[in-house]
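Novice: Handing you this structure, nothing more for now.
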Amino acid sequence: MRRRQPGASGVPVILLVPALVGLAFLVIPLLGLLVRTPWSSLPGQLAAPGVRSALQLSLVSATLATAVSLVLGVPLAWVLARSRVPGRSMLRALVTVPLVLPPVVGGVALLLGLGRRGVLGQYLFSWFGISLPFSTAAVVLAEAFVAMPFLVVAVEGALRAADQRYEQAAATLGADRWTTFRRVTVPMVAPGIVSGAVLCWARALGEFGATITFAGNFPGRTQTVPLAVYLALQTDPQAAIVLSLLMLSVSVLVLVGLRGRWAGGLA
Amino acid sequence: MAEHPMDHARRAAALPRSNRQRTPACRVRPSGIATGRSARLSLLGLVAVLTITLAGCSASTSGAAAGPSASPKGALASPTSDRPSVPALSGNVVVFAAASLTKTFTDLAHSFESAHPGVHVQLSFGGSPTLAQQIEQGAPADVFASADQAVMAQAVKAAAIAGTPQTFATNVLEIAVPVGNPGHVTSLAAFADPSLRIAVCAVQVPCGAASAKVFAVAGITPRPDTLEQDVTAVLTKVELGEVDAGLVYRTDVAVAGAKVLGIPFPQSGAAVNIYPIAQVAHAPNPAAAVAFIDYVRGPIGRQALAQAGFGSP
């Protein structure tokens with residue numbers, strides 16, 4: 001039944017053309033960034049005070065946000081995909097709310113929920129003296145809030161696509177539900193979890209709106225690279241370009257590395 | 001100095017281009033005003049209302065500002081211009097104004113229209129530099145009211161302004177604290193107290209530059225917890241009670257109403273924003289432009305501006 005494939009690459013023209021246009025659409029802005037990069041002053045810009053701490057903070061907080069998302073998001077995805085709790089479609093819609101919410105609004109929502117006078121935050125503050133806004137923890141929470149839905153959606157999709165008969169077989173062989181989840185379900189959907197985590201991490205790394213609203217902007221404590229880029233843009237567009245390029249390179253390196261090591265062959 | 005209270009231009013620069021281009025010439029009468037400020041108000045959940053408003057506004061073509069003789073679009077869109085009018089003034093007058101003037105100028109436009117039934121005022125609000133740029137590129141404006149002297153000077157240099165700009169308002173910084181003043185803030189000295197939660201603008205943006213100036217004059221080294229990207233972000237954090245004090249403009253405190261308490265301080269005189277207004281060169285409706293400028297600078301305009309927290313020039 002296989003048709004003869006036109007062209008050496010084996011891609012039909014009808015797919016190749018839009019694919020190339022799509023690629024160009026994604027790459028041309030990056031090209032613009034590269035063309036406008038002040039290469040001669042690059043080392044000096046990168047050595048500027050604050051650049052290292054902003055990059056470090058970005059990497060650490062995006063990684064922590066991904067960890068939080070994994071711990072909370074994988075079970076949530078399981079509940080959405082496998083459980084029979086009533087109102088699941090409503091739950092699913094709620095989970096994806098941060099995807100459609102403008103991030104700045106997400107930041108305000110976080111303030112209203114977890115801020116010093118927030119619905120829950122006021123008790124954190126009056127009982128434990130914990131005030132989340134303007135702390136590094138707030139950066140992690142803001143990023144997790146915005147990025148976790150990516151993970152949940154990816155893992156839920158993988159769970160739905162996975163063959164449940166393996167889990168049933170495990171159960172008939174005497175495995176309890178936790179063992180089944182741990183030894184059968186998770187390994188089976190591992191590629192989905194990895195690609196969800198990668199998406200989540202990438203989204204967290206680029207997070208701006210929710211972070212600057214909920215966590216504020218203070219160098220070394222809450223100023224991640226996207227925040228530094230925004231402020232640099234006000235006075236020194238060249239520095240902003242350099243910072244953007246730096247973040248771009250680091251994220252591409254990490255993503256390529258991850259794909260190669262953990263998800264090679266499945267993407 | 002390049003300081004203007006709302007810092008909208010820089011905000012606008014960060015917005016998608018399509019947003020910016022939708023700014024020109026919203027009609028006052030049918031729907032109200034969409035501005036750069038709408039992006040901020042979305043913070044307060046008002047985005048839906050303003051989006052509807054925005055949809056009611058359409059970018060005007062050059063015909064929108066047609067003069068007294070031929071005004072097809074104006075006559076079509078504005079019921080008032082069909083009425084028999086005072087012979088002296090008629091047609092549309094297009095006013096480009098800094099976003100911090102949104103409320104005041106909207107009110108003034110209404111009362112100006114009542115005083116001159118033949119005239120229809122079209123308002124367009126935005127960051128002063130953005131508006132100046134639009135005017136320099138031939139936007140059909142009659143009047144330009146800037147929140148920043150440097151921006152106006154630049155427009156004059158570009159031959160986009162007719163005559164000499166006139167100062168009509170000033171604005172100064174004020175301490176804003178949440179209702180109840182939980183941090184017991186009384187003066188600028190509180191900004192150096194590490195036990196208080198403090199928000200100020202980042203020094204890269206105009207309100208931050210103004211703040212730095214007053215701190216320098218007062219001899220205070222502030223200990224902020226966050227350096228916000230614009231003055232409204234500071235105001236939001238004060239309104240929500242997340243900080244004990246923030247430094248904003250006096251007019252912002254007035255806009256926030258009962259949600260924040262403003263505390264004036266003597267060193268604010270070190271950074272005064274001056275607002276100039278001028279007729280645009282090649283204004284389609286120069287007679288109405290002059291009348292509107294006189295109106296703003298006259299007793300009614302003065303009173304409205306004072307009410308909004310602006311100072312006298």
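Novice: Once amide H atoms are placed 1.01 Å from N in the peptide plane, what residues at a sequence separation of 5 or more from B:Leu261, or on another chain, have their amide H within under 5 Å of its amide H?
Specialist: B:Val177, B:Val179
Novice: Ignoring any ligand, DNA or RNA, what whole percent of the accessible area of the range A:50-259 comes from carbon and sulfur when the probe is 1.4 angstrom?
Specialist: Carbon and sulfur together cover 70 percent of it.
Novice: Let me ask something else. Are there residues in the range A:213-236 whose accessible area shrinks by at least 30 Å² when all protein chains are included rather than the chain by itself, and which are they (probe 1.4 Å, ligands and nucleic acids not counted)?
Specialist: Residues losing area: A:Asn217, A:Phe218, A:Tyr230, A:Leu231, A:Gln234, A:Thr235.
Novice: Continuing with this model, one more query. Compute the accessible area per residue over chain A, keeping the other protein chains in place, probe 1.4 Å, unit Å².
Specialist: It amounts to 56 Å² per residue over chain A.
Novice: Mind listing the long-range amide H neighbours of B:Val94? Cut-off is under 5 Å, sequence gap 5 or more, other chains count too, H placed in the peptide plane at 1.01 Å from N.
Specialist: B:Gln122, B:Asp142, B:Val143
Novice: Let me know the shape class of the range B:220-313, please: from the alpha-carbon gyration tensor, a ≥ b ≥ c as square roots of the eigenvalues, rounded when a/c is under 1.5, otherwise prolate if a/b is greater than b/c, or oblate.
Specialist: It comes out prolate by the Cα gyration axes.
Novice: Any idea how far apart B:Ala153 and A:Leu23 come out in nm if each label point goes 7 Å out from Cα toward Cβ?
Specialist: Calculated label separation equals 5.2 nm.
Novice: Here is a follow-up. Give a residue-ordered list of calculated ³J(HN,Hα) values for the range A:11-22 (Karplus: 6.51 cos²θ - 1.76 cosθ + 1.60, θ = phi - 60°; whole Hz; x for Gly, Pro).
Specialist: 10, x, 4, 5, 8, 4, 5, x, 4, 5, 4, x
Novice: I've got another one for you. Report the accessible surface area buried between chains B and A, summing both sides, using a 1.4 Å probe on protein heavy atoms only, in Å² rounded to the nearest 100.
Specialist: 2200
Novice: Roughly how many percent of the accessible protein surface of the range B:173-270 is carbon and sulfur, given a 1.4 Å probe and a whole-percent answer?
Specialist: The nonpolar share, carbon plus sulfur, comes to 58 percent.
Novice: Continuing with the same structure: Per residue in the range B:190-222, which ones lose no less than 40 Å² of accessible surface when going from chain alone to all protein chains (1.4 Å probe)?
Specialist: Relative to the lone chain, where solvent access is computed with a 1.4 Å probe, the range B:190-222 loses at least 40 Å² at B:Arg197, B:Gln204.
Novice: In the range A:84-123, which residues become less accessible by 40 Å² or more once every protein chain is in place, relative to the chain on its own, using a 1.4 Å probe?
Specialist: Output list: A:Val108, A:Leu111, A:Arg116, A:Arg117.
Novice: Still on this structure, please answer the following. Quick one: ranking B:Met152, A:Met90, A:Met188 by accessible area, 1.4 Å probe, largest first, what do you get?
Specialist: Accessible-area ranking of B:Met152, A:Met90, A:Met188, largest first: A:Met90, A:Met188, B:Met152.
Novice: Return the average number of partner chain Cβ atoms within 10 angstrom of each residue Cβ along peptide B:231-242.
Specialist: Mean shielding count: 4.
Novice: Still on this structure, I have one more. Among residues other than A:Thr211 whose Cβ falls under 15 Å from its Cβ, what is the net charge (Lys/Arg +1, Asp/Glu -1)?
Specialist: -2
Novice: When only Cα pairs under 8 Å and 6 or more residues apart are kept, what is the percent relative contact order across the range A:1-153?
Specialist: Averaging sequence separation for qualifying contacts and normalising by length gives 27 percent for the range A:1-153.
Novice: Then there is this: Which aspartates and glutamates, on any chain, are close to B:Lys213 with Cα under 18 Å apart, when same-chain ones fewer than 8 places away are left out?
Specialist: Excluding near neighbours in sequence, the set is B:Glu3, B:Asp7, B:Asp148, B:Glu174, B:Glu228, B:Asp230.
Novice: So how long is each side of the range B:173-270 along the principal axes, counting just the alpha-carbon atoms, biggest first, in Å?
Specialist: Taking max minus min along each principal axis of the Cα atoms, the range B:173-270 gives 29, 25, 23 Å.
Novice: Let me ask something else. Ordering A:Tyr230, B:Tyr249 from largest to smallest accessible area (1.4 angstrom probe), what's the sequence?
Specialist: My answer, sorted largest first, is A:Tyr230, B:Tyr249.
Novice: Amide H of B:Ala162: which non-local residues (sequence gap of 5 or more, or other chain) have their own amide H closer than 5 Å, using H built in the peptide plane?
Specialist: HN-HN under 5 Å from B:Ala162: B:Gln279, B:Val280, B:Ala281.
Novice: Express the relative contact order of chain A as a whole percentage, based on alpha carbon pairs under 8 Å and six or more residues apart in sequence.
Specialist: It rounds to 28 percent for chain A.
Novice: Here is a follow-up. Using a 1.4 angstrom probe with every protein chain in place, what is the largest-first accessible-area order of A:Trp39, A:Trp78, A:Trp201?
Specialist: Sorted by accessible area, descending: A:Trp39, A:Trp78, A:Trp201.
Novice: Using the Karplus curve 6.51 cos²θ - 1.76 cosθ + 1.60 with θ = phi - 60°, work out ³J(HN,Hα) for each residue of the range B:204-215 in order, rounded to whole Hz, and write x for Gly and Pro.
Specialist: So the J values, rounded to whole Hz, are 6, 9, x, 5, x, 5, 5, 4, 4, 5, 5, 5.
Novice: If you plug each phi of the range B:122-133 into the Karplus form 6.51 cos²θ - 1.76 cosθ + 1.60 with θ = phi - 60°, what whole-Hz ³J(HN,Hα) values come out, in order, with x for Gly and Pro?
Specialist: 10, 10, 9, 10, x, x, 3, x, 5, 4, 4, 4
Novice: If you take all C-alpha pairs in chain A, what percent of them are over 22 Å apart?
Specialist: For chain A, the fraction of Cα-Cα distances above 22 Å is 66 percent.
The values are calculated or read from the model by the stated rules, or taken from the named source; none is laboratory data. Just so it is clear, the model here is predicted, and its values are computed rather than measured. All Cβ positions, even for glycine, are placed from backbone atoms using ideal geometry, and neighbour counts span all protein chains on display. Areas reflect the complete protein model, heavy atoms only, side chains present, ligands, DNA and RNA absent. Shrake-Rupley method; radii C 1.70, N 1.55, O 1.52, S 1.80 Å.
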